[in-house]
Amino acid sequence: MQRINIISGVSVVAIAVLLCSCSSDPKNTKQTKYGQKNQVTYGREELRKQPINFPPNYNTDNFRKLVMAVDFGNTACDGFSPEIGRAVNTRMQSEMAKIKRFSVFAVHGQRLERIQALADVGQAKLAETTDMKDIAIMLSGNILMTLQRKNAGRKQVLTYGLTINITCTDLKTGLVKFSKDIDAKVNKRQTLSSSGRVIAGFNANNQKDIEQVFMDVVVLAAMKLANELGNSFPVGGRITGMLDETLTLDKGFEQGVGGKMQMVVFTQISGVDLPLALAEASPGTNTSNLQIWRWNTDNQRVQNIRKQMQDDSAWLEKNKLYAVGYGMAKPSDWDKPMDHDLDDED
C-alpha cells in the first residue's frame with residue numbers, strides 16, 4: 001500500500017526504496033527518444049568551432065578494455081513490490097554490461113543468471129570468470145525509487161524516478177573517480193473525475209505497467225551514468241596504419257568505439273602529448289577506420305608534423321600515433337522511442 005502525504009492540496013507520494021539489503025518539459029510529446037535528452041556521444045557540430053583539446057581524464061594506460069565490477073546492493077522494498085525492486089536492480093547491472101568499453105563483472109554471483117536472462121541478445125555480455133586482481137574499476141551504489149503526484153485540476157501527473165547514489169573507484173590507484181547522485185525521471189498522466197477518481201490515462205495499479213516504466217527509467221539513468229564513465233575513462237588506442245587522411249585504430253566496437261565517434265588524433269613529442277587533428281570513427285569488430293576531417297591548424301608544430309607525414313610514407317613506423325574519443329558509445333537500443341514524457345526538473 002503506497003503511503004500518501006497531502007501538502008497544500010497537492011498530493012505527494014514520496015515512496016523511497018533503498019536497494020541495500022533484502023534479509024522534462026511537460027509538453028514533450030510521446031515517443032521521445034532517450035538520446036535526445038541524454039547525449040552520450042558528440043557530433044561534428046559540437047566540435048567544429050571548438051579548440052582541439054583532449055577529453056578529460058584520457059590516459060594511454062587505459063587504452064584497453066577495462067574490467068569493471070558492478071554492485072548496486074541487494075533489494076529492500078517499501079511501497080513498491082519487492083519484485084519490481086529486484087528487477088530494477090538487476091536491469092541496472094545488465095544495462096552497464098551493454099557498455100562495450102568495459103568487461104562487466106557482477107559482484108553478486110548469484111545474480112548472474114538473472115542478469116543474463118534480462119540482457120538483450122547480443123547487447124549485454126558479462127565476464128564469465130574474472131580474477132579479482134584484473135578488476136580496474138569498482139562501481140557501487142544504492143538506488144532510490146520515487147513517485148510524486150501533482151494535481152492540476154482534473155489532470156494528474158505521476159513522476160516515477162530513480163536516484164542512484166553512485167561511487168566509482170579506480171582500484172589500481174585507490175582514487176575515487178566520481179561520487180554523485182544520478183537522477184532520472186519520467187511522467188505518466190491521468191485524468192480525474194470531479195470526485196478524484198482516475199477515469200483515463202496511466203493505470204497506477206497495474207504492477208506490470210509500473211515495472212515497465214521503471215525499466216525505462218533505468219535506461220535513462222544508465223545513459224547519464226555512461227556519460228560520467230565516458231568522462232572518466234575515454235576510449236582510445238594506437239594508430240597502426242595510415243594512408244593520407246585515413247587511419248587504422250587498433251580498437252573497435254568490442255572495445256567501446258562507437259559509430260561516428262569523434263576522436264582526437266595525437267602524437268608524443270619529447271614526452272608531451274600534442275593533439276594533431278579530429279577524426280570520425282567507423283568501427284569494425286576489433287579495429288576501426290578513422291577519417292580525419294579537421295587539423296589543428298592553430299599550432300605551427302602540427303603543421304610541420306602534417307607535412308612530414310605527407311612527405312615520408314614511413315613516418316608511422318618511426319613515430320607513435322594515438323586516438324582518444326569524446327564521450328561514451330551507447331548501445332543501439334538506448335535510442336529506441338519510449339511512450340513517456342521526460343521529466344526535466346532534475
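Values as computed for the structure displayed
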| quantity | calculated |
| --- | --- |
| Any hit, the range 52-60, residues being of a type outside the set (A, V, I, L, M, F, W, C) and modelled with pLDDT under 90 | no |
| Those residues of the range 68-102 which are farther than 12 Å from Ser140 by Cβ, modelled with pLDDT of 85 or more and surrounded by fewer than 21 Cβ atoms within 10 Å (Cβ to Cβ), in sequence order | Ser81, Pro82, Glu83, Arg86, Ala87 |
| Condition broken by Asp335, with the remaining ones in (1) touching a Gly at 6+ places or on another chain (Cβ under 8 Å); (2) surrounded by 19 or more Cβ atoms within 10 Å (Cβ to Cβ) satisfied | (2) |
| Selection count where residues are touching a strand residue (DSSP E or B) at 6+ places or on another chain (Cβ under 9 Å) and either assigned to a helix (DSSP H, G or I) or loosely packed, with under 14 Cβ neighbours inside 10 Å (or both), scope the range 206-239 | 21 |
| Flag for Ala329 being surrounded by 12 or more Cβ atoms within 10 Å (Cβ to Cβ) and modelled with pLDDT of 95 or more | no |
| Conditions (1) farther than 13 Å from Met145 by Cα; (2) out of contact with any helix residue (DSSP H, G or I) (no Cβ under 9 Å at 6 or more places or on another chain); (3) surrounded by 11 or more Cβ atoms within 10 Å (Cβ to Cβ); number of the one not met by Gly174 | (3) |
| Test set (1) more than 22 Å from the chain's Cα centre (by Cα); (2) modelled with pLDDT of 90 or more - Glu113 fails condition number | (2) |
| Leading residue by the ranking (modelled with the lowest pLDDT) among those in the range 240-250 that are in contact with a strand residue (DSSP E or B) (Cβ under 9 Å, 6 or more places away or on another chain) and surrounded by fewer than 23 Cβ atoms within 10 Å (Cβ to Cβ) | Asp244 |
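The values are calculated or read from the model by the stated rules, or taken from the named source; none is laboratory data. Since this is a predicted model, take the numbers as computed values, not measurements. No Cβ is skipped: glycine too gets one built from the backbone with ideal geometry, and neighbour counts run over all protein chains shown.
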